[in-house]
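Data block below; observations after.
No lab work stands behind these numbers, since they all come straight from the coordinates. Given the structure is predicted, the values throughout are model-derived calculations rather than measurements. Virtual Cβ from ideal backbone geometry, glycine too; neighbours counted across all protein chains shown.
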Amino acid sequence: MESIVENGSWLTALWDWVKAMGPYVWSFSAWTILLTSVFMGFLGVFVPVIPGAIVFFLGGLVHKLMLPDTFSWWVIGVLGILMVLDRVVDFFATAFGTKWFGGTKWGIFGALAGGLVGLFFGIVGILVGPIIGAVVFEIVWARRHPKEAAKSGVGAGVGFGISAIGRMAVYFIMIGALVIDLGLEDTDPEVDVESVKVEEI
């Protein structure tokens, strides 16, 4: 009988500990989701196949739903607007660069592939990779003359570069919006102690 009571007390203590740790686990999960989405947003700047801004926005939204008091709804709305802006910048920058230099859809695919491979070669790879990828794809799949393929590759590279700069700007604005909102503290209005005393009298 005593062992049952002791086991019961142990289980009760364990259950109380689990309940006490619940809010911390919940908070840790919310911040982990947000930080992961921020990291994925950064990757999306250099890897267009990753919808970084979309992941960033969804991470912020999930965090808001899990911890409603950390961020305000206005900053979530700002993230949503910036997410749309990111897609617009990416589309128009890539299309502008490619079409301006007479590229094809294969040039765009090649620029994306070259950008992915270029990640493993540092900054130089990130800048040169899209151009090489676009030229190779234009020659192999679009069967274009090397001179035309080179021109298309330059266009795809320019478009990719403009798009990356635009996405980077949007990314830092999203980060800034979160930081600013997090830094805004809701302060209670100051209470005039003397007036309170007078009213009490």
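In what order do LYS64, LYS19 fall by count of nearby beta-carbon atoms within 10 Å, going from fewest to most?
Ordered by Cβ neighbours within 10 Å, fewest first: LYS19, LYS64.
Fewest to most neighbouring Cβ within 10 Å: what's the order for LEU79, LEU184?
Sorted ascending by nearby Cβ count, the order is LEU184, LEU79.
Taking each pair of distinct Cα atoms in the chain once, what is the resulting Kirkwood hydrodynamic radius in Å?
20.5
Along the charge dipole of the stretch 2-181, pointing to its positive end and built from +1/-1 on Cβ of Lys, Arg, Asp and Glu, which listed residue (VAL140, PHE109, GLY22) has its Cα farthest out?
Ranked along the dipole, the leading option is VAL140.
Below 8 Å, C-alpha to C-alpha, sequence gap of six or more: please give me the relative contact order for the chain in percent. Before the final figure, lay out each step's value.
Details: 254 pairs, mean separation 39.4, N = 201.
Reported relative contact order: 20 percent.
Taking 0.36 nm per residue of separation and subtracting the Cα-Cα distance, what length does fully extending LYS147 through SER72 add?
In short, 21.6 nm is gained.
Would you calculate a helix-derived [θ] at 222 nm for the chain, using -39,500 (n - 2.57) for each DSSP H run of n ≥ 4 and dividing by the full residue count, to the nearest 500?
Helix-only estimate at 222 nm: -29500 deg cm²/dmol.
Given +1 on the Cβ of Lys and Arg, -1 on the Cβ of Asp and Glu, and no further charges, what dipole in debye does the stretch 1-131 carry about its Cα centre, rounded to the nearest 20?
Magnitude of the dipole: close to 740 debye.
If R0 is 35 Å, what FRET efficiency do you get for TYR24 and VAL117 from their C-beta distance, rounded to 0.05?
Rounded to the nearest 0.05, the efficiency is 0.25.
Once the Cβ-Cβ distance between TRP31 and VAL88 is put in as r, and R0 is 41 Å, what FRET efficiency do you end up with, to the nearest 0.05?
E between TRP31 and VAL88, to the nearest 0.05, is 0.85.
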